[in-house]
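Written out below as C-alpha cells is the structure these notes cover.
The values are calculated or read from the model by the stated rules, or taken from the named source; none is laboratory data. Please read these numbers as outputs of a predicted model, since none were measured by experiment. Every residue, glycine as well, gets a Cβ built from its backbone with ideal geometry; the counts of neighbours run over all protein chains shown. For the accessible areas, the whole protein counts, side chains as well, though only heavy atoms, and no ligand, DNA or RNA atoms are used. Shrake-Rupley method; radii C 1.70, N 1.55, O 1.52, S 1.80 Å.
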Amino acid sequence: MIQQVVEVLKVIGRPASITFIIGVLAVGVALAFRRRTERAARWYFACVAALYWMLSTPACAERLIEWAGRPYVPLATRAEARGARIVVVLGAGNNTIQSRGLVLNEVTEEAALRVLEGARLYRLLDRPTILVSGGITGREPGSAPEGEAMRKTAESLGVRPPDILVENESKTTREESIVIARMLAGRMQQPIVLVTSGTHMARALAVFRAARFDPIPSVAAYKSDHSLERYRWAPNDLGLLLFQSFVYDEAAQLYYRARGWMPR
C-alpha cells in the first residue's frame, strides 16, 4: 500500500508536471468561487505566480541544486579513485519511442550528463569497467530498460563494449544497490566510483554503503555547458526542471530516512 502511494506521488507530485500545475490552479479556482475566500484566492494566485517565477529562474534553481549537492565534486585525479576499477553510473530515466514495430530507446538529459561523467572517468582512470544501471521504469507497454539506453550512449562516447556492464533489473536507487551487489559479489572489497547527480548523491551513497560497498562519489554535471548563462532572472523550462529535481530528491531522502534506508 505504501509503495502504491509513493508511485502515485511520483506522478502527481512533480512541480513541472501538468497534473501538479492543474491541481494547484484548481485550489485557487475553488477559493475564488466561495464568497468567504475570494480575497484569499487573489493572494493565493499571486503567491503561486511569484513562487513559480522565482523558483524556475536559473538564478534560484541553480543555487538550490548547488546547495543540495554542495559536499560532492567530480573526481579530478586518478589518485582520488584509490585504485577503483569499476565506475557505477546510476540511471536517471529514458524515453522509449515506439512506432509501427520500430523502437528507439534514448536517455534523458539528466541520464546523458551522468553517462558523460562516466565516459570522462573512463579516460581519466585508464579504461575501468563502466557499469550502467537502470531497469524498466516506463509505464507504457514495450518500454525498454534505462541501462540499455545508457550502454548505447556510453559506446557512442568511446567506451569499448567489453568494458561495459549493464544492470537492467532495478527500478529504484535501493534496488540498484542490491542488484549491483549481486553482480559484483566477488569484488565487494574493492572501492567503486559512484556517478550520479549532486542532489541524488547522498541517498545513493547511503544505500550503496548499506550494501557493503566502498563508494567514492564523482558527481555529474546538472546542466550542459554554456546553458542557462543568459536571462538569469527569467523563468525557464530547464530552471523549473532543476527545481523539480531538487524537490524530488529532497522528498526521496525523507522517504528513505523514514524507511530506515538512510541515516538521519
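Here are a few things to note about the model shown:
- Residue list for region 148-173, filter: open to solvent by 40 Å² or more (accessible area, probe 1.4 Å), assigned to a helix (DSSP H, G or I) and of a type outside the set (Lys, Arg): Glu148, Glu155, Ser156, Pro161, Pro162
- Residues being surrounded by 15 or more Cβ atoms within 10 Å (Cβ to Cβ), farther than 19 Å from Leu121 by Cα and among the aliphatic types (A, V, I, L, M) - total across region 184-214: 6
- Test: Gln189 is touching a strand residue (DSSP E or B) at 6+ places or on another chain (Cβ under 9 Å) and at pLDDT below 95: yes
- Failed item, numbered, when Asn105 is tested on (1) surrounded by 16 or more Cβ atoms within 10 Å (Cβ to Cβ); (2) assigned to a helix (DSSP H, G or I): (2)
- Of all residues in region 224-264, those being within 24 Å of Ala111 (Cβ to Cβ), small (Gly, Ala, Ser) and either in contact (Cβ under 8 Å) with a residue 40 or more places away in the chain or in contact with a Lys or Arg (Cβ under 7 Å, 6 or more places away or on another chain) (or both) number 5.
- For Arg14, the conditions (1) part of a loop (DSSP other than H, G, I, E, B); (2) modelled with pLDDT of 90 or more all hold with the exception of (2).
- Residue count for region 61-83, restricted to those that are open to solvent by less than 20 Å² (accessible area, probe 1.4 Å), over 14 Å from His200 (Cβ atoms) and not in a loop (DSSP other than H, G, I, E, B): 3.
- Test for Arg139: is it over 22 Å from Glu175 (Cα atoms) and either open to solvent by 10 Å² or more (accessible area, probe 1.4 Å) or in contact (Cβ under 8 Å) with a residue 40 or more places away in the chain (or both): no
- Any hit, region 29-47, residues being among the small types (Gly, Ala, Ser) and under 30 Å from Thr172 (Cβ atoms): no
- Residue satisfying all of: in region 92-147; more than 19 Å from the chain's Cα centre (by Cα) and of a type in the set (Ser, Thr, Tyr); farthest from Ala76 (Cα to Cα) among these: Ser99
- When Arg127 is tested against the conditions (1) assigned to a helix (DSSP H, G or I); (2) in contact (Cβ under 8 Å) with a residue 12 or more places away in the chain; (3) open to solvent by 70 Å² or more (accessible area, probe 1.4 Å), the lone failure is (1).
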